[in-house]
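Reading through the structure tokens given below for one structure.
The values are calculated or read from the model by the stated rules, or taken from the named source; none is laboratory data. Please read all numbers here as calculations on a predicted model, not as lab measurements. Cβ placement follows ideal geometry from the backbone for every residue including glycine, while neighbour counts extend to all protein chains displayed.
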Amino acid sequence: MAKPKKPAARKATVKFTSRKAAAAAATPAVAAPTPVAEKKRPDAPPAPVARRPDAPPALVAKHARKLASQVRVDVAALAHAKVAAADAHRLETLADALDAAQEAWLVIQDARAVGVVAATRDPVRAGRDHVFAALRTFADANPTTQSALDDIGDVQGDDDLISDTTRLLALAKKHHHDLDGTDLTDARLATIRSALGLFAAARGGAQAAAGTTTQAEDEATRGARRARNRAFWALAELDRQVARRGQYAFRDDEAKRARYAMYRRSAPTAAVEGASPEPTPVK
């Protein structure tokens, strides 16, 4: 009788690893170093702070317009002081921007008054209808735009009015050449855009007063204040520069030099965001 065969012995398997993997496995894990706070250099510039106006915005805008008029009178004599007619135009443009930003900010502050939202709604509705009609008439060769106008349709509420007007203003910008020569001028579009900003600000302020403030509305309020502040400093810096250069140009003529006096500033009022946003009145 044949003896049964013994089962074959299973061969041991050997796992091969690369030298790099073996070295990594043998090396104990080392914790990552704790980041060390970088020390501030003693000569490092201070962190920027949000500045609020150092004089009433209306005063600075009025001063800038008067200064622009004077520049146009003395433009030839100011050439060597690096002041040109373009500076007068910039002063007036920035003064207009500051007036609009200040008005938007004040609308938010006054939104608790009854009827503010309604009063700011009507100019937006009239502007919305004007842009809509103009695009229907003069952009009639563009099927994409006409389809967009079909989608805009009628106003269904304040949110819809804001959305519609925003879209229509964008379309008007796109069809600038089609609208040239019509009564929907750049100035008219700027007026509608400003009215839209005031209406949106009024709604945000009224909702805040009613206790229905949302994060978006808070941001709109902060944005209005920051926009006012940025507009102020842009104008103030140009106003001071032109005034200083005018004083330099007429340094030997006391009477003319006095026409380039800078507006009166209040005491230093640099402040962090969140401080009282209203400027300190000039005494």
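Taking the range 170-186 as the region of interest, how many residues are more than 27 Å from R222 (Cα to Cα) and part of a helix (DSSP H, G or I)? Give the derivation first.
Taking the range 170-186 first, the residues more than 27 Å from R222 (Cα to Cα) are 171-186.
From what is left, the residues that are part of a helix (DSSP H, G or I) are 171-174, 176-179, 186.
Of the residues in that region, 9 qualify.
Looking only at the range 133-157, which residues are within 22 Å of R188 (Cβ to Cβ) and part of a helix (DSSP H, G or I)?
Those that are within 22 Å of R188 (Cβ to Cβ) and part of a helix (DSSP H, G or I): A133, A134, L135, R136, T137, F138, T145, Q146, A148, L149, I152.
Test L184 against the criterion of being surrounded by 17 or more Cβ atoms within 10 Å (Cβ to Cβ), at pLDDT below 90, in contact with a helix residue (DSSP H, G or I) (Cβ under 9 Å, 6 or more places away or on another chain) and under 21 Å from A133 (Cα atoms), and give yes or no.
On the way: surrounded by 17 or more Cβ atoms within 10 Å (Cβ to Cβ): yes; at pLDDT below 90: no; in contact with a helix residue (DSSP H, G or I) (Cβ under 9 Å, 6 or more places away or on another chain): yes; under 21 Å from A133 (Cα atoms): yes.
For L184, the condition - surrounded by 17 or more Cβ atoms within 10 Å (Cβ to Cβ), at pLDDT below 90, in contact with a helix residue (DSSP H, G or I) (Cβ under 9 Å, 6 or more places away or on another chain) and under 21 Å from A133 (Cα atoms) - is not met.
Output the number of the condition that R265 fails; it satisfies all remaining conditions of (1) in a loop (DSSP other than H, G, I, E, B); (2) at pLDDT below 60; (3) not hydrophobic (A, V, I, L, M, F, W, C).
(2)
Is it true that T185 is in contact with a Ser or Thr (Cβ under 9 Å, 6 or more places away or on another chain) and of a type in the set (V, I, T)?
Values: in contact with a Ser or Thr (Cβ under 9 Å, 6 or more places away or on another chain): no; of a type in the set (V, I, T): yes.
Spelling it out, it is not the case that T185 is in contact with a Ser or Thr (Cβ under 9 Å, 6 or more places away or on another chain) and of a type in the set (V, I, T).
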